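Student: The following block contains the structure, expressed as structure tokens.
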Amino acid sequence: FYDCSGLTSITIPDSVTSIGIGAFYRCTSLTSITVSLENKVYHSKNNCIINTEEKELVLGCKNSVIPSDGSVTSIGYSAFYGCTGLTKIIIPSSVKEIDDNAFDICSKLIRISVDPDNMVYHSQNNCLIDIKEKKLIRGCKNSIIPSDGSVTSISYAFSGCTGLTSITIPDSVTSIDD
């Protein structure tokens, strides 16, 4: 279903045991995601597809809310890739890993928040920051990179951020992946 802009809803039957990376990239009109209650590998909650055993969010859409009940501990590779309708995301305290490109090409993203009890990530000024690595991993068009030393590197944080008009890089930043 790659780049299927007319797709508005997905229902995953109980027979599906694997969803490949990129299966739903850039499905920009996607608003509803459900998984059959009989599916042994995946479940859905809050318009997210979650690998039940691995606790990995594998697909989200513009109406997704990442569950805060502990059923998600990681956000998979490109889980929201090309989700141009996503405007805000809240990372719960249970999320300990966010894979590359999880929020790439989310051009309407304007609000990024992390639960204050999350020990791996935090948010400040609409920036998603890896605490240990002091790395800015996702920004949006209205992000302001903190100048308090909490960010020393930037890693593709603004990939696909078409609404970004300017950004100020503070002196604390010593490394930028481009």
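Student: From the list Ser150, Ser123, pick out the single residue that is out of contact with any Phe, Trp or Tyr (no Cβ under 7 Å at 6 or more places or on another chain), of a type in the set (Gly, Ala, Ser) and either assigned to a strand (DSSP E or B) or under 14 Å from Ile176 (Cα atoms) (or both). Reasoning before the result, please.
Tutor: Values: Ser150 fails: either assigned to a strand (DSSP E or B) or under 14 Å from Ile176 (Cα atoms) (or both).
Answer to the check: Ser123.
Student: Also, quick follow-up: Can you find, within segment 56-86, the residue that is surrounded by the most Cβ atoms within 10 Å (Cβ to Cβ) among those that are assigned to a strand (DSSP E or B) and small (Gly, Ala, Ser)? Explain how you work it out, then say what you get.
Tutor: Filtering segment 56-86 down to residues assigned to a strand (DSSP E or B) leaves 56-60, 74-75.
Narrowing further to those that are small (Gly, Ala, Ser): 60, 74.
On the way: Gly60: 28, Ser74: 20.
Among those residues, the one meeting the criterion is Gly60.
Student: Among the candidates Ile176, Ile169, which residue alone is touching a strand residue (DSSP E or B) at 6+ places or on another chain (Cβ under 9 Å), among the β-branched types (Val, Ile, Thr) and not in a loop (DSSP other than H, G, I, E, B)? Spell out how you get there, then give the answer.
Tutor: On the way: Ile169 fails: not in a loop (DSSP other than H, G, I, E, B).
Matching residue, one of Ile176, Ile169: Ile176.
Student: Can you name every residue in segment 87-121 that is closer than 25 Å to Ser5 by Cα, acidic (Asp, Glu) and open to solvent by 50 Å² or more (accessible area, probe 1.4 Å)?
Tutor: Asp100
Student: Would you confirm, using the coordinates I've provided, whether Tyr121 is under 21 Å from Lys96 (Cα atoms), in contact (Cβ under 8 Å) with a residue 40 or more places away in the chain and out of contact with any His (no Cβ under 6 Å at 6 or more places or on another chain)? Spell out the reasoning first.
Tutor: Details: under 21 Å from Lys96 (Cα atoms): yes; in contact (Cβ under 8 Å) with a residue 40 or more places away in the chain: no; out of contact with any His (no Cβ under 6 Å at 6 or more places or on another chain): yes.
Against the criterion (under 21 Å from Lys96 (Cα atoms), in contact (Cβ under 8 Å) with a residue 40 or more places away in the chain and out of contact with any His (no Cβ under 6 Å at 6 or more places or on another chain)), Tyr121 does not qualify.
Student: Take segment 137-166 and flag every residue that is in contact with a Ser or Thr (Cβ under 7 Å, 6 or more places away or on another chain) and in contact (Cβ under 8 Å) with a residue 24 or more places away in the chain.
Tutor: Restricting attention to segment 137-166, the residues satisfying the condition of being in contact with a Ser or Thr (Cβ under 7 Å, 6 or more places away or on another chain) are 137, 145, 147, 149, 151-153, 160-163.
Listed by number, the residues that qualify are Ile137, Ile145, Ser147, Val151, Ser153, Gly160, Cys161, Thr162, Gly163.
Student: Then there is this: Give the residue that is farthest from Thr28 (Cα to Cα), with candidates limited to residues of segment 148-178 that are among the aliphatic types (A, V, I, L, M) and open to solvent by 30 Å² or more (accessible area, probe 1.4 Å). Working first, answer last.
Tutor: Just the residues of segment 148-178 that are among the aliphatic types (A, V, I, L, M), to begin with: 151, 154, 157, 164, 167, 169, 173, 176.
From what is left, the residues that are open to solvent by 30 Å² or more (accessible area, probe 1.4 Å) are 164, 167, 169, 176.
Values: Leu164: 20, Ile167: 26, Ile169: 31, Ile176: 29 Å.
Of everything passing the filter in segment 148-178, Ile169 is farthest from Thr28 (Cα to Cα).
Student: Another question, then. Would you please name the residue that is farthest from Thr87 (Cα to Cα), looking only at residues in segment 126-147 that are open to solvent by less than 20 Å² (accessible area, probe 1.4 Å) and assigned to a loop (DSSP other than H, G, I, E, B)? Break it down stepwise before answering.
Tutor: Going residue by residue through segment 126-147, those that are open to solvent by less than 20 Å² (accessible area, probe 1.4 Å) are 127-129, 136, 138-140, 143, 145-146.
Filter again for assigned to a loop (DSSP other than H, G, I, E, B), leaving 139-140, 143, 145-146.
Values: Gly139: 12, Cys140: 10, Ser143: 13, Ile145: 19, Pro146: 21 Å.
Filtering segment 126-147 for residues that are open to solvent by less than 20 Å² (accessible area, probe 1.4 Å) and assigned to a loop (DSSP other than H, G, I, E, B), the one farthest from Thr87 (Cα to Cα) comes out as Pro146.
The values are calculated or read from the model by the stated rules, or taken from the named source; none is laboratory data. Computed from a prediction, not measured in an experiment: that's the story for all the values here. No Cβ is skipped: glycine too gets one built from the backbone with ideal geometry, and neighbour counts run over all protein chains shown. For accessibility, only protein heavy atoms count, side chains too; no ligands or nucleic acids. Shrake-Rupley method; radii C 1.70, N 1.55, O 1.52, S 1.80 Å.
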